[in-house]
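Take a look at the structure set out below.
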Amino acid sequence: MSLIKLTSVSKEFDIGKNSKVKVLKNINLSFSNVGLVAIIGKSGCGKSTLLNLIGRLDNPTKGTITFSNENINKWKNKQVESFHNEEIGIVFQQYNLIDDQSVLYNIALPMMVHGEKKSTSYEDARTLLEGIGFNKDLWNQKVNKLSGGERQRIAVLRSLINSPKVLLCDEPTGALDSENSLLVMDILKKASAKRLVIVVSHNIKLIEK
């Protein structure tokens, strides 16, 4: 059974008076509940739009998207909020971290937002950091002191802290050098052993590696 399924999905955007542009047309896709999937293409071809539709950050103009056989386009606001808080994690090209807070705080934040104790949240954050061999000397460092590669790894761990079923990654290595790109992709590959990981990228060579 497919975890996520898109049926005849199209997306249009208004670009002016009585004028629209078609970004996606009649997309049919299905995704299983585990594995690493890459959506590859040049800038402007609709990759991020597709990811936003899957993540219910936007709605299709036509067609149906289901998650566990439920039509997500018909969900009310509370259902969408629950989906974002409990079922999916999102990694952006821009890290979206809280710069003046520590590595541990940034990773643990989603758990604390859910009402978990700080001590429990920090313990889980430490477990994730140990799992990728992240330098312990940096755990209490403010993230604005870290390199881009380090910050993106923190962003990935933050997205995993609540054990989402799906991880959506929009050009997660777009601002990184080749070495750090491979480190981030390695984390995503390992994460895909237990969940669905969808990565949008224009870097075919990186994905092939």
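Take segment 67-93 and flag every residue that is closer than 26 Å to VAL21 by Cβ, β-branched (Val, Ile, Thr) and assigned to a strand (DSSP E or B).
Taking segment 67-93 as the starting set, the residues that turn out to be closer than 26 Å to VAL21 by Cβ are 71-74, 80, 90, 92-93.
After this cut, where a residue has to be β-branched (Val, Ile, Thr) as well, the list is 72, 80, 90.
ILE90, the sole residue that qualifies.
Considering only helices (runs of 4 or more DSSP H) fully contained in segment 100-209, which possess at least 1 residues that are among the small types (Gly, Ala, Ser)?
Numbers: elements: 103-113, 118-131, 148-160, 178-191, 204-208.
Once the helices (runs of 4 or more DSSP H) in segment 100-209 are filtered for at least 1 residues that are among the small types (Gly, Ala, Ser), what remains is 103-113, 118-131, 148-160, 178-191.
Might you check whether a residue that is at pLDDT 95 or above and within 28 Å of GLY44 (Cβ to Cβ) occurs anywhere in segment 169-184? Don't jump to the end; show me each part of the working.
Within segment 169-184, the first condition is being at pLDDT 95 or above, and the residues that meet it are 169.
Now restrict to residues that are within 28 Å of GLY44 (Cβ to Cβ): 169.
There is at least one residue in segment 169-184 that is at pLDDT 95 or above and within 28 Å of GLY44 (Cβ to Cβ).
I'm told LYS118 meets every condition in (1) in contact (Cβ under 8 Å) with a residue 24 or more places away in the chain; (2) surrounded by fewer than 19 Cβ atoms within 10 Å (Cβ to Cβ) except one. Can you identify the failing condition by its number?
(1) is the only condition that LYS118 fails.
Please verify whether segment 147-155 includes one or more residues that are open to solvent by less than 90 Å² (accessible area, probe 1.4 Å), in contact with a strand residue (DSSP E or B) (Cβ under 9 Å, 6 or more places away or on another chain) and either in contact (Cβ under 8 Å) with a residue 12 or more places away in the chain or over 9 Å from LEU104 (Cα atoms) (or both).
First pass over segment 147-155, keeping only residues open to solvent by less than 90 Å² (accessible area, probe 1.4 Å): 147-155.
If we keep only those that are in contact with a strand residue (DSSP E or B) (Cβ under 9 Å, 6 or more places away or on another chain) too, we end up with 152, 155.
This time we only want the ones that are either in contact (Cβ under 8 Å) with a residue 12 or more places away in the chain or over 9 Å from LEU104 (Cα atoms) (or both), so: 152, 155.
Among the residues of segment 147-155, at least one is open to solvent by less than 90 Å² (accessible area, probe 1.4 Å), in contact with a strand residue (DSSP E or B) (Cβ under 9 Å, 6 or more places away or on another chain) and either in contact (Cβ under 8 Å) with a residue 12 or more places away in the chain or over 9 Å from LEU104 (Cα atoms) (or both), which makes the answer yes.
Find all pairs meeting these conditions: Cβ atoms under 7 angstrom apart; at least six residues apart or on different chains; first residue within segment 189-209 and at pLDDT 90 or above; second residue part of a loop (DSSP other than H, G, I, E, B) and among the small types (Gly, Ala, Ser).
Once the first residue is at pLDDT 90 or above and sits in segment 189-209, its partners that are part of a loop (DSSP other than H, G, I, E, B) and among the small types (Gly, Ala, Ser) give LEU196/SER32.
Could you list, in sequence order, the residues of segment 31-46 that are open to solvent by less than 50 Å² (accessible area, probe 1.4 Å) and either assigned to a loop (DSSP other than H, G, I, E, B) or free of Cβ contacts under 8 Å to residues at least 24 places away in the same chain (or both)?
Scanning segment 31-46 gives GLY41, GLY46.
Of the numbered conditions (1) surrounded by fewer than 21 Cβ atoms within 10 Å (Cβ to Cβ); (2) of a type outside the set (Gly, Ala, Ser); (3) within 15 Å of the chain's Cα centre (by Cα), GLN141 fails exactly one; give the number of that condition.
(3)
Can you give me the number of residues within segment 11-20 that are assigned to a strand (DSSP E or B) and open to solvent by 60 Å² or more (accessible area, probe 1.4 Å)? Walk me through how you get there before you give the answer.
As a first pass, look at segment 11-20 and keep what is assigned to a strand (DSSP E or B): 11-16, 19-20.
Pick out the ones that are also open to solvent by 60 Å² or more (accessible area, probe 1.4 Å) and you get 13-15, 20.
Qualifying residue count for the region: 4.
Here's the yes/no breakdown for (1) open to solvent by 60 Å² or more (accessible area, probe 1.4 Å); (2) among the hydrophobic types (A, V, I, L, M, F, W, C); (3) at pLDDT 95 or above:
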{"residue": "GLY55", "(1), (2), (3)": "no, no, yes"}
{"residue": "LYS62", "(1), (2), (3)": "yes, no, yes"}
{"residue": "VAL91", "(1), (2), (3)": "no, yes, no"}
{"residue": "GLN94", "(1), (2), (3)": "yes, no, no"}
{"residue": "GLN101", "(1), (2), (3)": "yes, no, yes"}
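Any residue that is in contact with a Gly (Cβ under 6 Å, 6 or more places away or on another chain), free of Cβ contacts under 8 Å to residues at least 40 places away in the same chain and not polar (S, T, N, Q) - is there at least one of those in segment 5-25?
There is at least one residue in segment 5-25 that is in contact with a Gly (Cβ under 6 Å, 6 or more places away or on another chain), free of Cβ contacts under 8 Å to residues at least 40 places away in the same chain and not polar (S, T, N, Q).
The values are calculated or read from the model by the stated rules, or taken from the named source; none is laboratory data. Please read these numbers as outputs of a predicted model, since none were measured by experiment. With ideal geometry, Cβ positions are generated from the backbone for all residues, glycine too; neighbour counts draw on all protein chains shown. Side chains included, ligands, DNA and RNA excluded: accessible areas come from the protein's heavy atoms. Shrake-Rupley method; radii C 1.70, N 1.55, O 1.52, S 1.80 Å.
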